[in-house]
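Enquirer: Take a look at this one; I'll ask things after.
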Amino acid sequence: VQLQASGGGLVQAGGSLTLSCAASASIVGFRIMGWYRQALGKQRELVASITGYGNTNYADSVKGRFTISRLITKNTVYLQMNNLKPEDTAVYYCNAVRDRDYYWGQGTQVTVSS
């Protein structure tokens, strides 16, 4: 399974971006899919996740600003990011879990200028 992340870029604080994670296989079989991020010099952290049942979970730092969703017909998971802040600057990675297998996308850079 391959995950292709896209949609990153440079945006001013307060702006919006939408990240996409396209899977090479049906996402119906994934137990959970999520977005992680890793800022320079920091550990990778979970940003948002969505289960196979459609239940979502968010890091406290992004609640109310980010929304994770999926489009099963396109095998794609999205992360809509609004009201971006400079501290959201990081490389964002999509992740998928199926059974005991973990899959990672290649990462997409998000830079928020103040």
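The values are calculated or read from the model by the stated rules, or taken from the named source; none is laboratory data. Given the structure is predicted, the values throughout are model-derived calculations rather than measurements. Using ideal geometry, Cβ is built from the backbone for each residue, glycine included, and neighbour counts are taken over all protein chains shown. Accessible surface areas use protein heavy atoms only, side chains included; no ligands, DNA or RNA. Shrake-Rupley method; radii C 1.70, N 1.55, O 1.52, S 1.80 Å.
Enquirer: If the Cβ limit is 7 Å and pairs must be 6+ apart or interchain, which residue in the range 93-114 that is under 14 Å from Thr18 (Cα atoms) pairs with which residue that is in a strand (DSSP E or B) and modelled with pLDDT under 95?
Expert: Listed pairs, sorted by first residue: none to list.
Enquirer: Go through (1) in contact (Cβ under 8 Å) with a residue 60 or more places away in the chain; (2) farther than 19 Å from Arg100 by Cβ; (3) in a strand (DSSP E or B) one by one and return the number of the condition Ala22 breaks.
Expert: (1)
Enquirer: Answer yes or no as to whether Thr67 is over 11 Å from the mean Cα position of the chain (by Cα), hydroxyl-bearing (Ser, Thr, Tyr) and part of a strand (DSSP E or B).
Expert: Values: over 11 Å from the mean Cα position of the chain (by Cα): no; hydroxyl-bearing (Ser, Thr, Tyr): yes; part of a strand (DSSP E or B): yes.
Answer is no for this residue.
Here's the yes/no breakdown for (1) modelled with pLDDT of 95 or more; (2) more than 15 Å from Gln4 (Cβ to Cβ); (3) open to solvent by less than 70 Å² (accessible area, probe 1.4 Å); (4) touching a helix residue (DSSP H, G or I) at 6+ places or on another chain (Cβ under 6 Å):
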residue: Tyr58; (1), (2), (3), (4): yes, yes, yes, no
residue: Gly64; (1), (2), (3), (4): yes, yes, no, no
residue: Asn83; (1), (2), (3), (4): yes, yes, no, no
residue: Glu87; (1), (2), (3), (4): yes, yes, no, no
residue: Thr108; (1), (2), (3), (4): yes, no, yes, no
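Enquirer: Just name the residue that is surrounded by the fewest Cβ atoms within 10 Å (Cβ to Cβ) out of those in the range 41-52 that are in a loop (DSSP other than H, G, I, E, B) and at pLDDT 95 or above.
Expert: The selected residue is Gly41.
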